[in-house]
Amino acid sequence: MKIKEQTIKEQTIKELESLGHSELMTVYEMIISLKARHRKRKSKEGEPAYLRVRKALKQCKGSLSDDIKSLREDRI
(Lines give C-alpha, C1' and ligand atoms only; values in the text may rest on other atoms or scores of the structure.)
Protein backbone atom coordinates (compact mmCIF):
# COMPACT_ATOMS: atom_id res chain seq x y z
CA MET A 1 0.00 0.00 0.00
CA LYS A 2 1.48 3.32 -1.07
CA ILE A 3 1.03 6.29 1.18
CA LYS A 4 1.20 9.71 -0.41
CA GLU A 5 4.31 11.75 0.40
CA GLN A 6 2.22 14.68 1.62
CA THR A 7 0.31 12.42 4.01
CA ILE A 8 3.57 11.09 5.44
CA LYS A 9 4.85 14.65 5.95
CA GLU A 10 1.62 15.71 7.64
CA GLN A 11 1.63 12.70 9.95
CA THR A 12 5.29 13.25 10.77
CA ILE A 13 4.73 16.91 11.62
CA LYS A 14 1.78 15.96 13.81
CA GLU A 15 3.93 13.45 15.71
CA LEU A 16 6.80 15.95 16.01
CA GLU A 17 4.48 18.47 17.65
CA SER A 18 3.82 16.05 20.49
CA LEU A 19 7.53 15.47 21.29
CA GLY A 20 9.56 17.16 23.97
CA HIS A 21 12.77 19.10 23.43
CA SER A 22 15.17 16.18 23.92
CA GLU A 23 13.17 13.92 21.62
CA LEU A 24 13.07 16.66 18.97
CA MET A 25 16.86 17.00 19.18
CA THR A 26 17.22 13.24 18.69
CA VAL A 27 14.95 13.30 15.63
CA TYR A 28 16.82 16.30 14.24
CA GLU A 29 20.17 14.50 14.63
CA MET A 30 18.73 11.44 12.88
CA ILE A 31 17.56 13.57 9.96
CA ILE A 32 20.98 15.22 9.62
CA SER A 33 22.64 11.78 9.74
CA LEU A 34 20.31 10.39 7.06
CA LYS A 35 20.94 13.35 4.79
CA ALA A 36 24.72 13.02 5.20
CA ARG A 37 24.62 9.29 4.43
CA HIS A 38 22.47 9.94 1.38
CA ARG A 39 24.85 12.61 0.07
CA LYS A 40 27.87 10.39 0.68
CA ARG A 41 26.25 7.40 -1.05
CA LYS A 42 25.08 9.55 -3.96
CA SER A 43 28.55 11.02 -4.54
CA LYS A 44 30.20 7.59 -4.60
CA GLU A 45 27.63 5.85 -6.78
CA GLY A 46 29.11 7.24 -9.99
CA GLU A 47 32.65 6.17 -9.11
CA PRO A 48 33.66 2.65 -10.19
CA ALA A 49 34.53 0.24 -7.40
CA TYR A 50 38.08 -0.34 -8.58
CA LEU A 51 38.80 3.40 -8.26
CA ARG A 52 37.49 3.41 -4.69
CA VAL A 53 39.77 0.44 -3.92
CA ARG A 54 42.73 2.22 -5.49
CA LYS A 55 42.08 5.28 -3.34
CA ALA A 56 41.83 3.13 -0.21
CA LEU A 57 45.10 1.33 -0.98
CA LYS A 58 46.99 4.38 -2.21
CA GLN A 59 48.69 4.99 1.14
CA CYS A 60 49.80 1.38 1.56
CA LYS A 61 53.52 0.83 1.08
CA GLY A 62 54.91 -2.23 -0.70
CA SER A 63 53.11 -4.69 -2.90
CA LEU A 64 49.71 -6.04 -1.94
CA SER A 65 50.21 -9.11 -4.14
CA ASP A 66 53.52 -9.91 -2.36
CA ASP A 67 51.76 -9.63 1.00
CA ILE A 68 49.03 -12.03 -0.15
CA LYS A 69 51.59 -14.51 -1.46
CA SER A 70 53.53 -14.49 1.81
CA LEU A 71 50.34 -15.04 3.81
CA ARG A 72 49.42 -17.98 1.60
CA GLU A 73 52.88 -19.48 1.93
CA ASP A 74 52.43 -19.50 5.71
CA ARG A 75 49.41 -21.77 5.29
CA ILE A 76 51.07 -24.21 2.89
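The values are calculated or read from the model by the stated rules, or taken from the named source; none is laboratory data. Note that this is a predicted model, so its numbers are computed, not measured. No Cβ is skipped: glycine too gets one built from the backbone with ideal geometry, and neighbour counts run over all protein chains shown. With ligands, DNA and RNA removed, areas are computed over all heavy atoms of the protein, side chains included. Shrake-Rupley method; radii C 1.70, N 1.55, O 1.52, S 1.80 Å.
Here are the numbers:
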{"quantity": "Tally, over segment 19-33, of residues that are polar (S, T, N, Q) and either open to solvent by less than 70 Å² (accessible area, probe 1.4 Å) or outside any helix (DSSP H, G or I) (or both)", "calculated": "2"}
{"quantity": "Hits in segment 37-63 - residues which are in a helix (DSSP H, G or I) and either modelled with pLDDT under 80 or within 27 Å of residue 13 (Cα to Cα) (or both)", "calculated": "37, 38, 39, 40, 41, 42, 43, 44, 45"}
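Rundown of residues vs (1) surrounded by 10 or more Cβ atoms within 10 Å (Cβ to Cβ); (2) at pLDDT 80 or above, yes/no style:
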{"residue": "8", "(1), (2)": "yes, yes"}
{"residue": "17", "(1), (2)": "no, yes"}
{"residue": "35", "(1), (2)": "yes, yes"}
{"residue": "74", "(1), (2)": "no, no"}
